[in-house]
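Engineer: Encoded as C-alpha cells, here's the structure I'll be asking about.
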Amino acid sequence: MKTIFSGIQPSGSLTLGNYIGALSQFPALQEENQCYFCIVDEHAITVPQDRLKLKQQIRSLAALYLAAGIDPEKSVLFIQSEVPAHTQLGWMIQSISYIGELERMTQYKDKSDGKDGVSAALLTYPPLMAADILLYNTDIVPVGDDQKQHLELTRNVAERFNNRFNNIFTVPDIQITKVGARIMSLQEPTKKMSKSDANLKASIFILDEPKQIEKKIKSAVTDSEGIVRYDKENKPGVSNLLTIYSVATNKTIEKSEQEFADSGYGEFKQAVADAVVNMLSPIQQRYYEWMESDALDEVLDKGAERAQAVANKTLRKAKKAMGLGRGK
Ligand code: TYM
C-alpha cells in the first residue's frame, strides 16, 4: 500500500482539465492506497480572493471531490487551513528554499508577469506545496502536467532537508496520466485550459449545463483541413478534442480517429459534446446532492482530524530535526 497525496485550489470553478488531469484519476487510487485529498485554500489566497466566494468555492470543491467518487471511508478529504501543520512546515521549508529557484517556477512567472503588487506568498507557494506532500510521507502525487516543476522542487527540498538535518521525509514520485495530462483551451489550443481564463468560451467547467458544453465545443477552434486526425503540432485544436473524446468514452486515440475517419468537424464536435455531457452528468447530479447534505461538514471534520494526527507527527519530527522549540 502506498500513500497518495493530491490537492486542488478552490480558486474558481473546476474545469474539464482539472477533472481529466487530476480528479478523475483519484477514485481508482483509493482502492489500494492510503489517499489524502486536500482543498488547498491557503494556496488560493496567493492571489486576491473574495471572502464569501472563497468560502463557497471551498464547500463546492469538497462536494465535487465526493461527487467524483472520493469515498470518505477510504480516503482522507480535508481543508488545508484546518490543519495548521501545513503552514508551519511550509515556513520551515521556506528557510531551506532559495529565492532563485522559486523565481524560476513558470507558474510564478506566469502569474506575476506584468502585475503590480504581487504577493510574497505567490513566490513561496511551492514550499507550502512541498509541505502539503511531505507531511504525509507521500509516495505518489497524481497531478496534471503543469505541476511537474513544483514536484521536482518538492523532491529537491525533501532531499536537501534529509541531508542537512535528518532523514525524515519520503521523497515523492509524480504520477501523470498518459492521455489528458494537459487539456488545452478550446479557444487557444496551444495554451492550457485554466480556471482563471478570462474568455469563458475557452474552458468547460465541470458544472456547466449540457447546452453550455455543447455551445463551447461547437465553437472550439480547429483548422481548415477538415480531417479528424491527431497531430498536436499542426492540429492542436482537433487533437485536444480527440483527447477529450478518448478520455470521456474510454477509447484509445487511434480508435477515436478511426471512428471519425469519414466525418466532418460538425459531426465530430457533436459527438465530443455528447461524450462530455455523458461523463459529467452523473457527477453533477451527485454534486448537488452533496451540496444539500449535512454530511459534507461531517466528512470535512473527520478528514481534518485524521489529517492532523499524521501531519502533527511529521511536524514534530521536522521541528526536532531543525532544533525548533524545546524538542518535545
Ligand atoms: P490546480 O488547482 O491548479 O489544479 C488541480 C489539478 O488539476 C490539474 N490541471 C490540469 N490537468 C490537465 N489539464 C489541464 N488543463 C489542467 N489544469 C489543471 C493540475 O495539474 C492539478 O493536478 N499547485 C496545485 C495544487 C496543490 C497540490 C498540492 C497538488 C497544492 N498542494 C500538493 C498536489 C500536491 C495547483 O495549483 O493545482
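Just so you know, all these numbers are worked out from the coordinates, no wet-lab data involved. Remember, predicted model here, so these are calculated numbers, not experimental data. Counting neighbours? That spans all protein chains shown, and the Cβs are built from the backbone with ideal geometry, glycine included.
Engineer: Taking the range 189-261 as the region of interest, what is the percent of Cα-Cα pairs per 5 angstrom bin, listed from the shortest bin to the one with the maximum distance?
Structural biologist: It works out to 3, 15, 24, 26, 20, 10, 2, in whole percents.
Engineer: Mind putting a number on the dipole of the range 162-240 about its Cα centre? Charges go on the C-beta only, +1 for Lys and Arg and -1 for Asp and Glu, and I need it in Debye to the nearest 20.
Structural biologist: Working: 14 positive and 10 negative charges, 26 e Å.
So the magnitude is around 120 debye.
Engineer: If you don't mind, another one. Give me the angle, in degrees from 0 to 90, between the Cα long axis of helix 51-67 and the longest principal axis of the Cα atoms of the chain, rounded to the nearest 10.
Structural biologist: Helix 51-67 sits at roughly 70 degrees to that axis.
Engineer: I've got another one for you. What's the magnitude of the charge dipole for the range 235-274 around its Cα centre, counting Lys and Arg as +1 and Asp and Glu as -1 at the beta-carbon? Answer in Debye, nearest 20.
Structural biologist: Details: 4 positive and 6 negative charges, 31 e Å.
Once rounded to the nearest 20, the dipole reads 160 debye.
Engineer: Provide the net charge surrounding LYS235, with neighbours chosen by a C-beta distance below 12 Å and charges set as Lys +1, Arg +1, Asp -1, Glu -1.
Structural biologist: After counting each charged neighbour, the total is -3.
Engineer: Return the Cα extents of the chain along principal axes one, two and three, sorted largest first, each rounded to a whole Å.
Structural biologist: So the extents along the principal axes, rounded to whole Å, are 72, 45, 39.
Engineer: Moving to a separate point now. If you take the square roots of the eigenvalues of the alpha-carbon gyration tensor of the range 247-328 and sort them as a ≥ b ≥ c, do you get rounded (a/c under 1.5), prolate (a/b over b/c) or oblate?
Structural biologist: Values: a/c = 6.15, a/b = 2.25, b/c = 2.73.
Oblate.
Engineer: Calculate log10 I(q)/I(0) of the range 56-150 for q = 0.26 Å⁻¹, where I(q) comes from the Debye formula with a single equal point scatterer on each Cα and nothing for solvent.
Structural biologist: -1.38
Engineer: A further question on this structure: Just want the ordering: TRP290, TRP91, from fewest to most Cβ atoms lying within 10 Å of their own Cβ. Can you show the working numbers first?
Structural biologist: Numbers: TRP290 18, TRP91 14.
Exposure proxy ranking, most exposed first: TRP91, TRP290.
Engineer: Kindly write out, for the range 91-105 in residue order, the coupling ³J(HN,Hα) from the Karplus curve 6.51 cos²θ - 1.76 cosθ + 1.60 (θ = phi - 60°), rounded to whole Hz, with x marking Gly and Pro.
Structural biologist: 4, 4, 6, 4, 5, 10, 9, 9, 4, x, 5, 6, 5, 7, 5
Engineer: Now for a separate question. Decide, for the range 181-325, between rounded, prolate and oblate: order the square roots of the alpha carbon gyration tensor eigenvalues as a ≥ b ≥ c, take rounded if a/c falls under 1.5, and otherwise choose prolate if a/b is larger than b/c, else oblate.
Structural biologist: Working: a/c = 2.83, a/b = 1.94, b/c = 1.46.
Prolate is the answer for the range 181-325, as a/c is 1.5 or above and a/b outweighs b/c.
Engineer: How high is the relative contact order of the chain, in percent, with contacts defined as C-alpha pairs under 8 Å that are six or more residues apart? Mind showing how you got there, number by number?
Structural biologist: Details: 508 pairs, mean separation 74.0, N = 328.
Computed over the chain, the figure is 23 percent.
Engineer: Taking Cα centroids, how far is the range 62-116 from the range 196-261 in Å?
Structural biologist: 30
Engineer: What net charge do the residues around PHE169 carry, taking every other residue with its C-beta under 10 Å from that of PHE169, with Lys and Arg at +1 and Asp and Glu at -1?
Structural biologist: Working: positive: ARG155, ARG160, LYS317; negative: GLU159.
Taking every Cβ under 10 Å from that of PHE169, the sum is +2.
Engineer: Over the Cα atoms of the range 77-217, how large are the radius of gyration and the largest Cα-Cα distance (Dmax), in Å?
Structural biologist: Computed over the Cα atoms of the range 77-217, radius of gyration and Dmax are 17.5, 56 Å.
Engineer: What is the helix-to-structure angle for 125-134, meaning the angle in degrees between its Cα long axis and the longest Cα principal axis of the chain, kept from 0 to 90 and rounded to the nearest 10?
Structural biologist: That helix lies at roughly 80 degrees to the long axis.
Engineer: When the Karplus curve 6.51 cos²θ - 1.76 cosθ + 1.60 is applied with θ = phi - 60°, which whole-Hz ³J(HN,Hα) does each residue of the range 236-241 get, with x for Gly and Pro?
Structural biologist: Once θ is set to phi - 60°, the couplings for the range 236-241 become x, x, 5, 4, 5, 5 Hz.
Engineer: Another question, if that's okay. Determine which aspartates and glutamates satisfy two conditions relative to LYS251: a Cα distance under 14 Å, and not lying fewer than 8 residues away in the same chain.
Structural biologist: Here the aspartates and glutamates satisfying the reach criterion relative to LYS251 are GLU259.
Engineer: Among TYR245, VAL221, PRO210, whose Cα lies farthest out toward the positive end of the dipole of the range 199-259, if unit charges sit on the beta carbon of Lys, Arg (+1) and Asp, Glu (-1)?
Structural biologist: My answer, from the dipole projection, is PRO210.
Engineer: Near PRO10, within a Cβ-to-Cβ distance under 15 Å, what is the net charge of the other residues, with Lys and Arg +1 and Asp and Glu -1?
Structural biologist: Details: positive: ARG51, LYS53, LYS55, ARG59, LYS195; negative: ASP41, GLU42, ASP50, GLU82, ASP132.
Taking every Cβ under 15 Å from that of PRO10, the sum is 0.
Engineer: Which of LYS55/LYS302; LYS115/LYS192; LYS109/LYS269; LYS192/LYS235; LYS192/LYS232 have a Cα-Cα distance over 24 Å?
Structural biologist: Details: LYS55/LYS302 19 Å; LYS115/LYS192 20 Å; LYS109/LYS269 34 Å; LYS192/LYS235 15 Å; LYS192/LYS232 13 Å.
With Cα atoms farther than 24 Å apart: LYS109/LYS269.
Engineer: Now for a separate question. Among 249-258, 68-77, what's the highest-first ranking by average C-beta atoms within 10 angstrom per residue? Intermediate results must be reported in sequence, preceding the final value.
Structural biologist: Values: 249-258: 14.6, 68-77: 18.7.
Top to bottom by mean Cβ count within 10 Å: 68-77, 249-258.
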